[in-house]
Amino acid sequence: MKLTERLEKLDRRIIFLIVFLAVIVPLLVPLGLKIEVSEPVQIFYDAIDSLLPGSKVLISSDYDPASMPEVYPMNEALAHHLFSKNIRIVAMGLWPQGIPLNQAAMEQAATEHGKEYGKDFINLGYKAGGIVVISALAENIPQTFPTDYAGRPVAEFEIMKGVKNLDNIDLIISLSAGDPGVKEWVMIAQGRYRKKVSGGVTAVSAPAFYPYLNAGQLKGLIGGMKGAAEYEKLVERIGTASRGMDAQSIAHAVIIFFIVVANIFYLTGKRSKK
Amino acid sequence: MLNTIGIWLAALLTLFILSFLYKDNPFYKFAEYLFVGVSAAYWAVYYYYNILRPNLILPLFYQGQLLYIIPLVLGIMMVMRLVPKIGWISRWPLAFIVGTYSGYYLITYLQSNALDQVQATLMSFIDLSAWKEFFTHPGLIAFLSAISVPVITVGVVTGIIYFFFSREHKGVFGGFAKIGIWFLMVAFGASFGYTIMARVSLLIGRLFFLLHDWLRLI
């Protein structure tokens, strides 16, 4: 049997095994490959870095555990960055399962930076409705979220003093794994109310947001685990995204190799058939 | 203790799911059915406590806001779908939802996804500052930045030409359409690359969990 025929009949489980090894080996033996910061991530970082201490940033956690490997590292690094600059966080979510994840990221960063719930950060919880919720926030935040995620009245908390609507928020960040997410925040908060919006998204959805970035509708974009690793580099914090980048790079190299080899055999096979 | 049990359960279920890559087996089936069952139960409880209760039951039955009878009736009409003979009733609340969202989305969508996008392409064909930067600090990135506007312009125009089907794609017109296909292929390639990155990230996430949280090897 010719090599091309043997490759055509190759058991796909061998490919799975090679990809598995390409991921697991660099995790066990880190290679320390260099991470270059891309422009969209730098813009995101600069948008936060330009805020004054005491500013308020709204983080909408529009993701779930299924997208944790990509989005949660962004959430962690973001919370550290904001607290290190003494910026206060008003958290909420258009996805119910994002609420505890964002809370965990904020609590971890708060412990490290000595921040206090209710004074330096608050979690308003989840509200169903997507774009309708965003519109309602633009009109009145305490009316849309009368209580925080644990059911305590938001008026009790110091951080909510002077917060009436999105006019009192300096930057909106949506960490999103789909709809409703960054797209809806751009459509309503940026498009209708002209608020500054930044986004952190899964790699699958990242290409769809580049037009928003190029048009200036998004102030920075973090795309997937690679974007999260770049952001971790900017905030000088080695997190799970940075630790996974060696595996990511090797796995990509293996997949590119497979694509090139498969195409060479396909084209040579086609030519020999002619 | 509970945390340890949780980690062991998650690790075993991860291995059960990954075992499908070898071949279908009872462990995979068990994990799959468990996931479906747990998800259904989770969402049922979540929807009740986070949507139905605060948005309908509390205001209507505990606070006496009678206006909430309308969403209650629309909700019941929607459930009529389960009875084949009167299933047509569910089309009315569906029409209401579609109509409301269309009205709500139309202008906003047009603004952010059409007008703002078109406006962003209306820029000077020759970016003088980018060319100045290129001549001051020559390099590949500076060059790509300088030619980005013409490339975007050509991409937008030829891409639109490709989707213009009222004229046969022949001659000069066909040539432009072909250039449009190349731009589309590059866009699809970028999407495919990002999709691979996402899927590999998920695998890394699971393996990181197994090696770090479960086996504590890293």
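The values are calculated or read from the model by the stated rules, or taken from the named source; none is laboratory data. Remember, predicted model here, so these are calculated numbers, not experimental data. Neighbour counts are summed over all protein chains in view; Cβ atoms, including those assigned to glycine, are modelled from backbone coordinates with ideal geometry.
Examine the range B:188-202 for a residue that is crowded, with 17+ Cβ neighbours inside 10 Å and touching a Ser or Thr at 6+ places or on another chain (Cβ under 6 Å), and state whether such a residue exists.
yes
Which ones in the range A:116-147 are more than 14 Å from every other protein chain (Cβ to nearest Cβ) and either hydrophobic (A, V, I, L, M, F, W, C) or crowded, with 18+ Cβ neighbours inside 10 Å (or both)?
So the first thing to find is which residues in the range A:116-147 are more than 14 Å from every other protein chain (Cβ to nearest Cβ), and the list is A:116-123, A:137, A:139-142.
Matches in the range A:116-147: A:ASP120, A:PHE121, A:ILE122, A:ASN123, A:LEU137, A:ILE141.
Output the residue which, of all residues in the range B:88-139 that are closer than 17 Å to A:GLY216 by Cβ and of a type in the set (Asp, Glu), is farthest from the other protein chains (Cβ to nearest Cβ). If you could, list the steps in order and put the result at the bottom.
Our first condition is that a residue be closer than 17 Å to A:GLY216 by Cβ; within the range B:88-139, this holds for B:111-124, B:127, B:129-130.
Add one more test, that the residue is of a type in the set (Asp, Glu), and what stays is B:116, B:127.
Values: B:ASP116: 5, B:ASP127: 13 Å.
Of everything passing the filter in the range B:88-139, B:ASP127 is farthest from the other protein chains (Cβ to nearest Cβ).
Residues of the range A:148-158 being closer than 21 Å to A:TYR63 by Cα and either buried (at least 18 other Cβ atoms within 10 Å of the Cβ) or within 12 Å of chain B (Cβ to nearest Cβ) (or both), which ones?
A:ASP148, A:TYR149
All but one of (1) in a helix (DSSP H, G or I); (2) more than 18 Å from A:SER61 (Cβ to Cβ); (3) more than 11 Å from chain B (Cβ to nearest Cβ) hold for A:GLY244; state the number of the condition that does not hold.
(3)
Every residue, every condition in (1) of a type in the set (S, T, N, Q); (2) in a helix (DSSP H, G or I), yes or no:
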residue	(1), (2)
A:VAL204	no, no
A:ALA208	no, yes
A:TYR212	no, yes
A:GLN217	yes, no
A:ILE222	no, no
A:MET225	no, yes
A:ALA228	no, yes
A:LYS233	no, yes
A:ARG237	no, no
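Within the range B:42-57, restricting attention to residues that are among the hydroxyl-bearing types (Ser, Thr, Tyr) and under 23 Å from the mean Cα position of the chain (by Cα), which residue is modelled with the highest pLDDT? Full working, then the answer.
Filtering the range B:42-57 down to residues among the hydroxyl-bearing types (Ser, Thr, Tyr) leaves B:42, B:46-49.
If we keep only those that are under 23 Å from the mean Cα position of the chain (by Cα) as well, we get B:42, B:46-47.
Numbers: B:TYR42: 93, B:TYR46: 89, B:TYR47: 89.
Per the stated criteria, the residue is B:TYR42.
Looking at the range A:55-78, can you tell me whether even one residue there is over 17 Å from the mean Cα position of the chain (by Cα) and either assigned by TED's automatic domain parsing to the domain that holds A:TYR231 or under 30 Å from B:TYR22 (Cα atoms) (or both)?
yes
Name the residue that is nearest to the other protein chains (Cβ to nearest Cβ), counting only residues in the range A:191-212 that are more than 18 Å from A:TYR63 (Cβ to Cβ) and modelled with pLDDT of 95 or more.
Filtering first and then ranking leaves A:LYS195.
Output the residue which, of all residues in the range B:207-218 that are assigned to a helix (DSSP H, G or I) and within 8 Å of another protein chain (Cβ to nearest Cβ), is surrounded by the fewest Cβ atoms within 10 Å (Cβ to Cβ).
Let us first name the residues in the range B:207-218 that are assigned to a helix (DSSP H, G or I), namely B:207-214.
With within 8 Å of another protein chain (Cβ to nearest Cβ) added as a condition, the list becomes B:207-208, B:211.
On the way: B:LEU207: 21, B:PHE208: 19, B:LEU211: 15.
The extreme case among them is B:LEU211.
Which residues, counting only those in the range A:8-51, are assigned to a loop (DSSP other than H, G, I, E, B), more than 10 Å from chain B (Cβ to nearest Cβ) and free of Cβ contacts under 8 Å to residues at least 24 places away in the same chain? Give the steps one after another, and end with the answer.
Of the residues in the range A:8-51, the ones assigned to a loop (DSSP other than H, G, I, E, B) are A:9-11, A:29-38, A:50-51.
Of the ones still in play, those that are also more than 10 Å from chain B (Cβ to nearest Cβ) are A:9-11, A:31-38, A:50-51.
Selection gives A:LYS9, A:LEU10, A:ASP11, A:LYS34, A:SER50.
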